[in-house]
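> Following this message is one structure expressed as C-alpha cells.
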C-alpha cells in the first residue's frame with residue numbers, strides 16, 4: 001500500500017494492517033460470490049433444507065450477515081494488537097536509547 | 001389507499017420532529033468554521049459515530065424498502081439486506097483506514113490528495129452530486145409514502161414537507177447536527193424494530209389476522225359462476241358485465257347494486273371459481289375508483305394473508321407464539337397469498353387490477369419472485385441478479401455521504417471501531433427486517449399501491465402508539481439521511497467546485513454561506529424528483545444509487561490505493577466513464593421506460609441494474625488511461641505540493 005502517510009503511524013504497521021484487511025476481504029468475497037454463483041448456476045441447491053428446517057438460501061443469507069460482523073470484530077482485534085505491539089516497540093526503543 | 005388520521009400518531013410525530021429540528025438548531029449555534037460545518041470538527045466520539053453511521057445507512061431504503069420488498073417478493077427483498085451489509089466489508093477492510101490517512105473534508109479532496117488535479121476535482125464533485133441526488137430520490141419517495149397514513153396528506157405534500165424541514169436543518173447547522181440526529185434515530189430504529197419483531201413472533205401465524213378483534217380482517221369473496229362456451233354467463237346475486245383475457249388469466253367484471261367489481265376466474269380440472277380481485281380504475285372523466293367505489297368508501301383493502309399454515313405436517317388455523325426459527329420454517333412449509341398486478345384498458349377506463357396468487361412458502365422464502373434466477377429465468381434476469389449483487393457489494397464504500405463520516409472522528413483507530421459498531425448494528429437490524437417484512441406479508445397490512453409502507457402499517461396493526469413512534473422515527477430517518485446527503489452535495493458544489501476548481505479563494509464565512517445556498521438548490525431539486533418517482537420501491541431506487549457510486553467512485557478509489565501507476569487522468573476518466581455508462585443504462589432501463597409512459601418490454605435492453613457493465617468499464621478505463629497518460633510529476637514532488 002502506498003498511502004500518503006500524514007499521521008505518525010509507522011509504515012510497517014500500516015502494511016501489516018492493510019494486508020490483514022485485504023486477506024479478510026478476499027475470504028468474505030469468496031463466500032459472497034459463492035452465494036451469487038449458487039443462485040445463478042445451482043438454483044435448486046438453495047431450496048435444500050438445512051439447519052433447523054431453514055433452507056440454504058436463508059441460512060446462507062443470514063450467515064453472510066453474521067460472518068461480516070465476525071470478520072469485523074476479528075479485524076479490529078488484530079489491528080489493535082498490531083498497534084499496541086508497535087507502540088510498545090517504540091517505547092522500548094526509546095528506553096534503550098536513553099540508557100546507552 | 002385511504003388512511004384515517006390518528007391524533008396519537010400526530011402528537012408523537014410533532015414531538016419527534018420538533019426534537020430533531022431543535023437539536024440541529026442547538027448544534028447550529030456552535031458551527032462557526034467551515035471545518036465544523038462539513039465534518040463536525042473531527043470531535044465526535046467513536047461510539048456515537050458508529051451508531052450515527054448506522055443511522056446514516058439505515059435510510060428509508062433499509063427500513064421501508066427492504067421490509068416492503070420482502071413483504072411483496074419474499075426472499076428477493078432480503079438480497080438487498082445481504083448486499084447492503086456485504087458492502088461494509090469493502091468499506092472496512094479496503095477503504096476505511098487508508099482514506100482516513102489521506103483525508104480532508106470531502107471525497108473529492110481524498111481522491112485528489114496526491115495529485116491536486118483540476119480534472120479530478122471536477123469529475124469527483126459531479127459524481128458526488130449525481131450519486132447524492134440518486135440517493136435522495138428514494139428518501140423523498142419514502143417520505144411521501146410515510147405522511148400519507150400519518151397525516152392524511154397526499155404524497156407530494158409529504159415530499160415537500162421533508163424537503164422544507166431538511167433545508168432548514170442543513171441551512172442552519174451542518175454536519176454536527178446531522179451526526180447527533182443520526183445517532184438518536186439509528187438507536188431508536190433498532191430498538192423499535194426489536195419491539196416490532198417481538199410482537200410478530202408473539203402473535204405467531206394465523207389464517208385470520210384480526211389482532212384479537214382490534215382490526216377486522218377482510219375475507220375476499222369467492223363466487224361460483226355458470227359457464228357456457230368458455231364464458232361466464234351468470235352468477236347468483238350479481239350481473240355479469242364483461243370478460244377480459246390478459247395473458248393466461250381471465251378476469252370477469254360483475255356488478256351488484258350499481259357497483260362494479262372485478263373477479264379472477266380460476267379454472268381447474270373440476271372446479272370453476274371467481275375470486276375477488278382489487279382494482280384501481282382511472283376513469284375517462286378523470287375520477288379514480290377503488291374497487292368500483294370512491295376512495296372514501298374504503299373498499300381498497302389492505303392485503304397479505306396465508307391460505308394454509310402447516311405445523312408438523314398438519315394444517316392449523318393459527319400457531320400461537322413462535323421462536324424466530326419456528327417462524328421462518330413454518331412459513332416455508334405453508335402457503336402465502338400474494339397479489340400480482342396487471343394493467344389493461346376497459347373501454348375508456350384504465351384498470352389496474354391486483355389478483356390473488358397463492359404462493360408456496362417454499363418459493364416465497366427463495367430468491368426468484370422478483371429477480372428470476374430459477375424457474376422462468378432468462379439470460380437478462382440472471383445478469384440482472386448478478387448486477388444487483390455487484391452494485392450492492394461495491395456501492396457502500398463509494399457513497400460520498402458514508403465516506404464523509406470517516407472524518408468525524410479523531411484517529412484511524414476510532415474510525416475502525418465506529419465502522420465495526422456500525423456493521424454489528426446494521427447486521428442485527430437487517431436480520432430483523434426479515435421478520436418485519438415477512439410479518440407484513442402475512443398479517444393483512446399491505447397497501448398495494450406502495451410496498452414502502454409495509455413495516456409502519458404492520459406496526460399500526462399492533463397499536464396506534466407503536467405506529468406513531470415508528471412512523472416518527474422513520475420520518476426522522478428520512479430527515480437525517482436527506483440532511484446528510486444535502487451536506488455532501490453542497491460540499492461538492494461549494495467546496496470542491498467553486499472553491500477549489502474555480503479557484504475562488506473564499507473566506508471561511510463566504511464558504512459556509514455558499515454551502516447553504518447550494519444545499520437549498522439541491523433540496524428543491526430533490527423535492528421535484530421525489531414527486532416524480534412516487535410508487536416505486538425505495539430499495540430498488542437505492543440500488544441505482546449504489547450502482548452509480550460503485551461505477552463512478554470505487555474503481556478510482558481502489559486503483560488510487562492499490563496501484564502505484566494510477567494517474568490523475570486515469571482517475572478523472574474512470575469517474576466520467578462510470579457516471580455516463582451507468583446513467584445511460586438506467587435511463588434506458590425497463591423501469592424508466594415505464595416512467596416515460598412506454599411499454600417496459602420495448603425498452604432498449606432488459607437490464608434493470610447497470611453495475612455489471614458500468615463497473616468493469618470504469619475499471620478498464622482507469623487502467624488503460626493511466627497506462628497511456630501516466631502521472632506527470634514524480635511522487636515526491638506531489639507529496640510536497642499537497643499541503644496540509
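A short reminder: the numbers here are calculations on the coordinates, not readings from a lab. Being a predicted model, the structure only gives us computed values, none of them experimental. FYI the Cβ positions are ideal-geometry reconstructions off the backbone, even for glycines, and counts take in every protein chain you see.
> Could you calculate the FRET efficiency of residue A:26 with residue B:584 from 1/(1 + (r/R0)^6), where r is the beta carbon distance between them and R0 is 35 Å, rounded to 0.05?
0.65
> Could you work out how far helix B:118-151 tilts from the main Cα principal axis of chain B, as a 0 to 90 degree angle to the nearest 10?
30
> Kirkwood Rh over Cα pairs of chain B into Stokes-Einstein at 20 °C, 1.002 mPa s: D in µm²/s?
Diffusion coefficient, whole number: 83 µm²/s.
> On to the next question. Remind me, what semi-axes does the protein assembly as shown give for its equivalent ellipsoid, largest first in whole Å, using sqrt of 5 times each Cα gyration tensor eigenvalue?
48, 27, 25
> OK, next. On a 0 to 90° scale, report how tilted helix B:379-395 is relative to the longest principal axis of chain B, with both axes built from alpha carbons and the result rounded to the nearest 10.
For B:379-395 against chain B, the angle is about 40 degrees.
> Work out, step by step, the length gained on full extension between residue B:7 and residue B:242: first 0.36 nm times the residue separation, then minus their alpha carbon distance; give nm to one decimal.
Gain on extension, residue B:7 to residue B:242, equals 80.3 nm.
> Normalised by the residues of the stretch A:12-99, what does the relative contact order come to in percent, with Cα pairs under 8 Å and at least six apart?
Relative contact order of the stretch A:12-99: 33 percent.
> When all C-alpha to C-alpha distances in the stretch B:222-364 are sorted into bins of 5 Å, what percent of pairs does each bin hold, rounded to whole numbers?
Going out from 0 Å in 5 Å bins, the stretch B:222-364 shows 2, 9, 17, 18, 17, 13, 10, 9, 5, 2, 0 percent.
> Under the √(5λ) rule applied to the eigenvalues of the Cα gyration tensor, what semi-axes describe the equivalent ellipsoid of the stretch B:440-522? Give them in Å, descending.
43, 13, 7
> Let me ask something else about it. Using a 10 Å cut-off on Cβ to Cβ distances, tally the other chain neighbours for every residue of A:38-45 and report the average as a whole number.
5
> Let me ask something else. Work out the FRET efficiency for residue B:624 and residue A:50 from their Cβ-Cβ distance, taking R0 = 60 Å, and round it to the nearest 0.05.
0.85
> What nm value, rounded to one decimal, do you get for the distance between residue B:316 and residue B:352 when each label is placed 7 Å out toward the C-beta?
So the two model labels end up 3.8 nm from each other.
> Right, another one. Could you compute how fast the stretch B:350-499 diffuses translationally, taking Rh as the Kirkwood radius over C-alpha pairs and applying Stokes-Einstein at 37 °C with viscosity 0.692 mPa s? Give it in µm² per second.
Approximately 170 µm²/s, per Stokes-Einstein.
> Here is a follow-up. Enter the angle in degrees (range 0 to 90, nearest 10) between the Cα long axis of helix B:324-333 and the first principal axis of the Cα atoms of chain B, meaning the one along which they spread out most.
50
> Still on this structure, please answer the following. Using just the helices of chain B, give the 222 nm mean residue ellipticity in deg cm²/dmol: DSSP H runs with n ≥ 4 each add -39,500 (n - 2.57), and the total is spread over all residues, rounded to 500.
The per-residue figure over chain B is -18000 deg cm²/dmol.
> Take the Cα pairs of the stretch A:12-99, get the Kirkwood Rh, then feed it into Stokes-Einstein at 25 °C and 0.890 mPa s and tell me D in µm²/s.
After rounding, the answer is 154 µm²/s.
> Assuming R0 = 56 Å, what is the FRET efficiency of residue B:521 and residue B:194, from their Cβ-Cβ distance, to the nearest 0.05?
0.90
> Right, something else. By how many nm would the segment from residue B:45 to residue B:632 lengthen if fully extended, with 0.36 nm per residue of separation less the alpha-carbon distance?
207.3 nm
> Still on this structure, I have one more. At 7 Å along Cα-to-Cβ for each site, give me the label-to-label distance between residue B:230 and residue B:344 in nm.
Label-label distance for residue B:230 and residue B:344, simple model: 1.3 nm.
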